[in-house]
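S.K.: I am attaching a structure below and will ask some questions about it afterwards.
Nothing in this text is a laboratory measurement; each read-out follows from the coordinates by a stated rule. Keep in mind it's a predicted model, so treat the numbers as computed, not measured. Because the Cβ atoms are built from the backbone with ideal geometry, glycine has one as well, and the counts that use them run over all protein chains shown.
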Protein chains: 4
Amino acid sequence: MIISIQAEASNDERAQLMALLCRITGNQRPITTTRIREREVIVLDNAIDGQAQAALREQRAVADLQVIKTGYQLVSRAFQAEDTQISIGEAHGCEPVVVGRTAKPVIMAGPCSVEDREQLLETARSVQAAGAHILRGGAFKPRTSPYQFQGLGVEGLHLLAEAREVTGLPIITEAMEPDMVDLVASHADIVQIGSRNMHNFPLLRAVGKHRLKRPVLLKRGFAATVEEWLLAAEHIVAAGNPNVILCERGIRSYDPQTRNVLDLTCVPLLQELTHLPVIVDPSHATGKRELVPVMSRASIAAGAKGLIIEVHPDPDSALSDARQTITPEQLRVIVRETELLTSLLKEGSDLTHAA
Amino acid sequence: MIISIQAEASNDERAQLMALLCRITGNQRPITTTRIREREVIVLDNAIDGQAQAALREQRAVADLQVIKTGYQLVSRAFQAEDTQISIGEAHGCEPVVVGRTAKPVIMAGPCSVEDREQLLETARSVQAAGAHILRGGAFKPRTSPYQFQGLGVEGLHLLAEAREVTGLPIITEAMEPDMVDLVASHADIVQIGSRNMHNFPLLRAVGKHRLKRPVLLKRGFAATVEEWLLAAEHIVAAGNPNVILCERGIRSYDPQTRNVLDLTCVPLLQELTHLPVIVDPSHATGKRELVPVMSRASIAAGAKGLIIEVHPDPDSALSDARQTITPEQLRVIVRETELLTSLLKEGSDLTHAA
Amino acid sequence: MIISIQAEASNDERAQLMALLCRITGNQRPITTTRIREREVIVLDNAIDGQAQAALREQRAVADLQVIKTGYQLVSRAFQAEDTQISIGEAHGCEPVVVGRTAKPVIMAGPCSVEDREQLLETARSVQAAGAHILRGGAFKPRTSPYQFQGLGVEGLHLLAEAREVTGLPIITEAMEPDMVDLVASHADIVQIGSRNMHNFPLLRAVGKHRLKRPVLLKRGFAATVEEWLLAAEHIVAAGNPNVILCERGIRSYDPQTRNVLDLTCVPLLQELTHLPVIVDPSHATGKRELVPVMSRASIAAGAKGLIIEVHPDPDSALSDARQTITPEQLRVIVRETELLTSLLKEGSDLTHAA
Amino acid sequence: MIISIQAEASNDERAQLMALLCRITGNQRPITTTRIREREVIVLDNAIDGQAQAALREQRAVADLQVIKTGYQLVSRAFQAEDTQISIGEAHGCEPVVVGRTAKPVIMAGPCSVEDREQLLETARSVQAAGAHILRGGAFKPRTSPYQFQGLGVEGLHLLAEAREVTGLPIITEAMEPDMVDLVASHADIVQIGSRNMHNFPLLRAVGKHRLKRPVLLKRGFAATVEEWLLAAEHIVAAGNPNVILCERGIRSYDPQTRNVLDLTCVPLLQELTHLPVIVDPSHATGKRELVPVMSRASIAAGAKGLIIEVHPDPDSALSDARQTITPEQLRVIVRETELLTSLLKEGSDLTHAA
């Protein structure tokens, strides 16, 4: 249940509303107050009976009360019908890139991990030349084993900022713990939450609350349901950050032929359920570089608002994920196909509407 | 290991080869002799040492000996580099439809099950008008419960044949047991093996051996690996029928949001591993009609050589699978989008080759 | 919905009931008539409204009408409260073995496949000496690849019958296609339906209907839900054979550490849902011989009414499943532990009831 | 590769060893130095060639060099043959409870979440009376939705400490973020890492490093492989805390009949792979209270060194996980059965060794 607050409500009226809410919930359930762009809202789970709802509607401070039937509320289409569009890069003086427009899918590309200055700058220039809009690169790497390369850490963040300086491309990189969110956000244009952290609720709250309010890329947990994923996004939005991009990156299955199973159907499904933009990571989903171009194309055809792809000037020498990394040249073809496909989809959509 | 036999080998030379093979395998492992189009071949598993291979190569009856590294052999790209193209419908006097050409994906459409004459003829005419190339319809239905509608059986086959008469569309329908293969094949232009029968080896052998050698559509088992699926196709081909079409229809997963998870990545993966054509069934894969058009488009973008889609003039009244069935009107849009996408892919492919 | 027929109902009264049923179902849904031990019953799916139910209850031919809330009906606890007990081996003159008594779990043991006379007789004698009650052995083997050893076929059946002669142990072996059910049943004391055939409905009906009415061991499909498994059993029982033993043998999962994941929880769950006995196959479930003894013990602790285990005098030389096959000596320990555990469970159960 | 350091090595000798290691790894891979009980060790991944190994062995500072073939090293049986035994509760003056002895499985029991003082004290007393050895209770709760009860937080920790005071039972409770580890550890006797945090590497390092070195209960990720789980344990041990208890709590699967699939086979499998103790959580694994007693029994039969069970004086009124929570009375039966089973397993083990 989402209560929108009257902008002009007095402090007394607000206090009265809160008192009523506390009585209704018996102080047992969270009462979440937050701000979604210009709207001030209060969110509760839905276990409120009709009589209590009526009482709430009569409160002066209440502008509107919406009962949302799903567990996720602020991220649902039922709450917001129009697509969320997220502008990237302005804070660091980049030409803004908008995620969430069908007309122009956004391509994020770069190395799995930042390895050194030379590698990063070379890759950054080459993905820019290939047509990418945003530079990706891991500074802090979640590694299954403690004995693998863990990323360059803060030094990696500085190199990414330098690559932005040189190319003008906004950057995206991962934050792995609540304490590091502010640091990562101060360097990055998008803060990434990795697949293994989708259920890390303190981290979700931290990227929701952090001061700079950078957009967040929330990867799907590798065994998360669509509903759990939307609830993870809800954690971020409810904590105060409405700029969440969802990223499908494959789910775990029984067949070792590919690293994961890319669940492309979730793209049109999420289009129905949420107003947040969805992009696809074909690199982690397939784990095989020869499958990345075709699955990029299929992702755009499925309606993805963008792609995030691992690219390295010399894929075989990459320190991590070499097997799934493509060359800048292959990226160039993907960018071009994405553009062709986007105009086609425009035409197809006109067809559908005409039908 | 595949041994191709000299066309001109004498009976003595053949007998000599067989005798050697029996000595090598110690009569413990199957020696499969079959005919792939014009080639006569003998297939063994690969556990033959180098010395034995050399001895075999020296046999007069041996034209060629190929060691194939995968468990599936006759269906592998290593055995046959060029795509298999399968011509449908000539036996019943239809204008032939060719599956396996990228240039023109094949659309198979029709009701989940044949319900009565009127419903079938109406659907047949409407899917033809919408641009479908082949009519689908279940006469024998595998049902999880014995208390559900099991299909019209033989009467359903007759109605399908009548619908072909009326529309000129070849028909595809399912066979569920070895004894029924000849009957189904005599009416159908493609014999379908359902997902739950992918591991039914006597049935696979029966469609491989049957006299009419109708093309076979082999659906992926709902929890089969790609390798098991190819081995199922190998059972059919090794039994004497090289005309197998693979059909991805979604695999079982933990998320109840969709009926299955459509594993589209298997399309380009299979393109590498096998010469057999692959099509997609977006109806069973998603289980939700609103997702069928978008996933049809994504399937073609992933390189599928065709689609098989459940269509009903009045989807909500269908006796089975109502929830995932679309209207002829929606099919028309899918056909049109497929055509647009196909020319784009042609262009994209030119791009890739130019790169 | 299960209608029990009055034993003394006249033909007219029966005909009147059937006529009413046809009117109610509109001839669209199956009306299944069968005999469960001494009871004659008619089963329908549950979509019958209250008024129709009332009309049915008033029919002279109706002794009782039970609305069963699950899709499976005849196999449900709601239909039959007491455990089904199945007597094995009498038809071939063996001392009968009863499956379904908690007091004495039944141990079935023997080679994965029958390889030759000597191997089989030696194994048969040794598993008997170790305390096994029933001899298992595959004559017809479902093999993923057409190029693997497919079993000795009919010769294997004869060898199994000979082994029974020698040891007095009843035998269990697999049937893979409807046409072979009578042949297999004439030699075997239990007809096994393998995991890959759990959804093979013509085969389920064939073992349900076959003349000899041998007990059936129905393995769980490797990706089947408990409900689908019970519906598969329902197919057999509805076709006329109430003597079905369920066998859990592991389900497919994402972790390659073991061949399958043994879902032991299904044992107490099925104990609630069905009156049919449940046994466990720890060999296929784990795929590793060193895990078989411990998981046998855990299975009995979970309430399994028996075990089916792959045993070979020289496991490493077995033609199939060598990796998961144990020695007769290890079997002896399992048999002894099973007996110890059974008395403990008896004591524990007294405890629970006292509590 | 694990290098054990000579206790008497001089600082110079150590420095020389480190210099050599840096040369060998090219400063690209982590060199982990830690202390496992009395041993000082250095761990590297295994990509070190034979020549480099020989050079390392010759170093004065090196007492021993073990090449461990698995990715996890310190937790492997290859590194430590004898079972790890972990003593619980001494720091807070409790009678110590030892986890890791087969002779006496440890029962941890209590409410899902701490709700209020009265509920907790009543539950604590009743689980003690039923024979439990350790009190469980959640103060910080990871919740999929931001709108559900999130636990009492610090107040919950104080109540747990009070319950320990009253009953003398050591307590176990969950830590959800690195910053909270010290706080949780100062109140708890075991710090729990929940299933959704198994891949939260900063949290794993934090419980590895924290000053109080409390034992850690590491739940298996709900879709983690056994290998990933052992690597998560390796993160903790490599960071300095060797006292890790593994807890199987079910993995995600396709069948909604139970909340998860309890993978009991992992218990004997882990017994081979690691020296760390393994316990089972039958409450989360099954999600149904009626299955908890039987699966507790099966877990002990599979060799689990303990159980962690959700108990509430009035299960139906529990604020979370009501459906899977049992009564103290049912717990009493489980404790008694565990004891009976343990003596049986002792006897069975004697049997096996005699065999």
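S.K.: Rounded to the nearest 5, what % of the DSSP beta bridges within region C:171-271 are antiparallel ones?
M.R.: If we restrict to bridges inside region C:171-271, about 10 percent are antiparallel.
S.K.: If a/c stays under 1.5 just call it rounded; otherwise compare a/b with b/c (prolate if a/b is bigger, oblate if not). Do that for region C:196-355, with a ≥ b ≥ c from the square roots of the Cα gyration tensor eigenvalues.
M.R.: Here region C:196-355 falls in the oblate category.
S.K.: Right, here's the next one. Kindly flag which residue pairs out of A:K141/D:K69; B:K69/B:K209; B:K288/D:K219; B:K69/C:K288 have an alpha-carbon separation exceeding 31 Å in this structure.
M.R.: As for pairs spanning more than 31 Å Cα to Cα, those are B:K288/D:K219.
S.K.: Ok, one more. How high is the FRET efficiency from C:E329 to A:A322, r the C-beta distance, R0 45 Å, rounded to 0.05?
M.R.: E(calc), rounded to 0.05, equals 0.40.
S.K.: Indicate, rounded to the nearest 5 percent, the antiparallel portion of the DSSP beta bridges found entirely in region C:214-282.
M.R.: Roughly 10 percent of the beta bridges in region C:214-282 run antiparallel, per DSSP.
S.K.: Continuing with the same structure: About the Cα centre of chain A, what is the dipole size in debye to 20, counting +1 per Lys and Arg Cβ and -1 per Asp and Glu Cβ, all else neutral?
M.R.: 460 debye
S.K.: Among D:L331, D:L121, D:L160, which one moves the most in a GNM of chain D with springs linking Cα atoms closer than 10 Å?
M.R.: Of D:L331, D:L121, D:L160, the Gaussian network model singles out D:L121 as fluctuating most.
S.K.: Near the amide H of C:I107, under 5 Å away, which other amide H atoms are found, from residues 5 or more places off or on another chain, if H is placed in the peptide plane?
M.R.: C:H133, C:I134, C:L307
S.K.: If you don't mind, there's one more thing I want to ask. Principal axes first, then extents: for the Cα atoms of chain A, list largest minus smallest coordinate on each axis, whole Å, largest first.
M.R.: 65, 53, 43
S.K.: May I pose another question? Give me a comma-separated list of calculated 3J(HN,Hα) values for region C:46-61, in order, Karplus coefficients 6.51, -1.76, 1.60 applied at θ = phi - 60°, integers in Hz, x for any Gly or Pro.
M.R.: 3J(HN,Hα) across region C:46-61, in whole Hz: 8, 7, 10, 7, x, 5, 5, 4, 4, 4, 5, 4, 7, 5, 4, 6.
S.K.: Within 14 Å, Cβ to Cβ, of B:R29, how many net charges do the neighbouring residues add up to if Lys/Arg are +1 and Asp/Glu are -1?
M.R.: Within the 14 Å Cβ shell, the charges total 0.
S.K.: Multiplying the sequence separation of B:D116 and B:K104 by 0.36 nm and subtracting their Cα-Cα distance, what value in nm do you get?
M.R.: Stretched out fully, the B:D116 to B:K104 stretch lengthens by 1.2 nm.
S.K.: Related question: If you take every DSSP beta bridge fully contained in region A:86-354, what fraction is antiparallel? Give it as a percent rounded to 5.
M.R.: Bridges in region A:86-354 are about 15 percent antiparallel.
S.K.: Something else now. Among B:C22, B:C94, B:C247, whose mean-square fluctuation peaks in a Gaussian network model of chain B (Cα, cutoff 10 Å)?
M.R.: Checking each option, the largest mean-square fluctuation is seen for B:C22.
S.K.: Work out the mean other chain Cβ neighbour count within 10 Å for the residues of C:285-296 and drop it here as an integer.
M.R.: So the per-residue partner count for this stretch is 4.
S.K.: Still on this structure: What is the local net charge at C:H199, summed over the other residues whose Cβ is closer than 9 Å to its Cβ (Lys, Arg +1; Asp, Glu -1)?
M.R.: +1
S.K.: Starting from the Cα coordinates of region B:2-66, work out the convex hull volume and express it per residue in Å³.
M.R.: 77 Å³
S.K.: With a 10 Å Cβ neighbour count serving as the proxy for reagent exposure, in which order, fewest first, do B:E339, A:E90, B:E248, D:E82 appear?
M.R.: Least crowded to most crowded, the residues run D:E82, A:E90, B:E339, B:E248.
S.K.: Sort D:R323, C:R297 by Cβ crowding within 10 Å, fewest neighbours at the top.
M.R.: Placing the least packed residue first, the sequence is D:R323, C:R297.
S.K.: Hey, can you grab everything whose amide H is under 5 Å from the amide H of D:E174? Only 5+ residues off in sequence or another chain; H modelled, so Pro and N-termini drop out.
M.R.: D:A139, D:F140, D:Q192
S.K.: May I ask for the net charge around D:T338, where only other residues with Cβ less than 12 Å from the Cβ of D:T338 are counted and Lys, Arg are +1 while Asp, Glu are -1?
M.R.: Around D:T338, the surrounding residues sum to +3.
S.K.: What FRET efficiency comes out for C:F149 versus B:D49 if R0 is 25 angstrom and r is the Cβ-Cβ distance? Round to the nearest 0.05.
M.R.: 0.85
S.K.: With a/c under 1.5 counting as rounded, go ahead and sort the protein assembly as shown into rounded, prolate or oblate using the C-alpha gyration tensor (a ≥ b ≥ c being the square roots of the eigenvalues; past the cut-off, prolate if a/b is larger than b/c, else oblate).
M.R.: Note, shape of the protein assembly as shown comes out rounded.
S.K.: D:I68's amide H: which non-local residues (gap 5+, or another chain) put their own amide H closer than 5 Å, with H modeled 1.01 Å from N in plane and none for Pro or chain starts?
M.R.: D:I2
S.K.: Moving on to the next point. Could you state the orientation-averaged shadow area of the convex hull built on the Cα atoms of region A:106-178, in nm² to one decimal?
M.R.: 5.1 nm²
S.K.: Just grab the label-to-label distance for A:E339 and A:Q28, each label 7 Å out from Cα along the Cβ direction, in nm (one decimal).
M.R.: That separation, rounded to one decimal, is 6.0 nm.
S.K.: Please average, across the residues of B:298-305, the number of beta carbons from any other chain that are within 10 Å of each residue's own beta carbon, and give a whole number.
M.R.: Averaged over the peptide's residues, the number is 6.
S.K.: Here's another thing I want to ask about it. Taking the number of other C-beta atoms within 10 Å as the exposure measure, put C:K141, D:K346 in order starting with the fewest.
M.R.: So the residues, fewest neighbours to most, are D:K346, C:K141.
S.K.: On to the next question. Exactly which trypsin sites (Lys or Arg not before Pro) in region B:183-251 are in a DSSP loop and have at most 16 other Cβ atoms within 10 Å?
M.R.: The qualifying sites are B:R211, B:K213.
S.K.: With chain D treated as a Gaussian network of Cα nodes joined by springs under 10 Å, which of D:V280, D:V166, D:V75 yields the largest mean-square fluctuation?
M.R.: For chain D, modelled as a Gaussian network with Cα springs under 10 Å, the answer is D:V166.
S.K.: Say R0 is 45 Å: what FRET efficiency, to the nearest 0.05, do B:R37 and D:E272 get from their beta-carbon distance?
M.R.: 0.30
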